[in-house]
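One structure below.
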Amino acid sequence: MGEERNGQVAVLFVSKRTTDDDAGYAAAADAMAALVAVQPGYCGVESQRGPDGVGITISYWADEASALAWRDHPDHAAIRAQGRARWYDWYEVVVTRVERSYRWCRA
């Protein structure tokens, strides 16, 4: 739980899912989770989606170059194109550097 995020690059992906092709979306999400896990500089991810279809995914990267390499990965780019065509009504990406972070958890 106490993972240090200071200095990492955080990519915030806020989106609104369509109601189309849940199975295709789930398969693509699983494929991307497996692929991103082995990318150099990848430090983790957190994701939530509400019943209204709006969600946020935050991926953490060791540096800007690693985050850009993921953005430009050909398999990720292909899935992104499918997302625009079928799975998202809209999305926004915000990239920032983590200046300070901490966690608290009820024991």
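The values are calculated or read from the model by the stated rules, or taken from the named source; none is laboratory data. Only a predicted model underlies this, so the values are computations on that prediction, with no experimental measurement involved. Cβ placement follows ideal geometry from the backbone for every residue including glycine, while neighbour counts extend to all protein chains displayed.
Determine whether I79 is surrounded by 12 or more Cβ atoms within 10 Å (Cβ to Cβ), touching a residue at least 24 places away in the same chain (Cβ under 8 Å) and under 12 Å from the mean Cα position of the chain (by Cα).
Here the answer is no, as I79 does not meet what is asked.
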Looking only at region 16-61, and only at residues there that are touching a strand residue (DSSP E or B) at 6+ places or on another chain (Cβ under 7 Å) and without any contact (Cβ under 8 Å) to a residue 12 or more places away in the chain, the one that is surrounded by the fewest Cβ atoms within 10 Å (Cβ to Cβ): Q48
Can you tell me which condition A26 does not meet? The list is (1) in a loop (DSSP other than H, G, I, E, B); (2) modelled with pLDDT of 95 or more, and all the others hold. (1)
Given (1) part of a strand (DSSP E or B); (2) aliphatic (A, V, I, L, M); (3) out of contact with any helix residue (DSSP H, G or I) (no Cβ under 6 Å at 6 or more places or on another chain), index of the condition A107 fails: (1)
Being out of contact with any His (no Cβ under 9 Å at 6 or more places or on another chain) and part of a loop (DSSP other than H, G, I, E, B) is the filter here, so list the residues in region 29-73 that pass it. A37, V38, P40, G41, G50, P51, D52, G53, A62, D63, H73
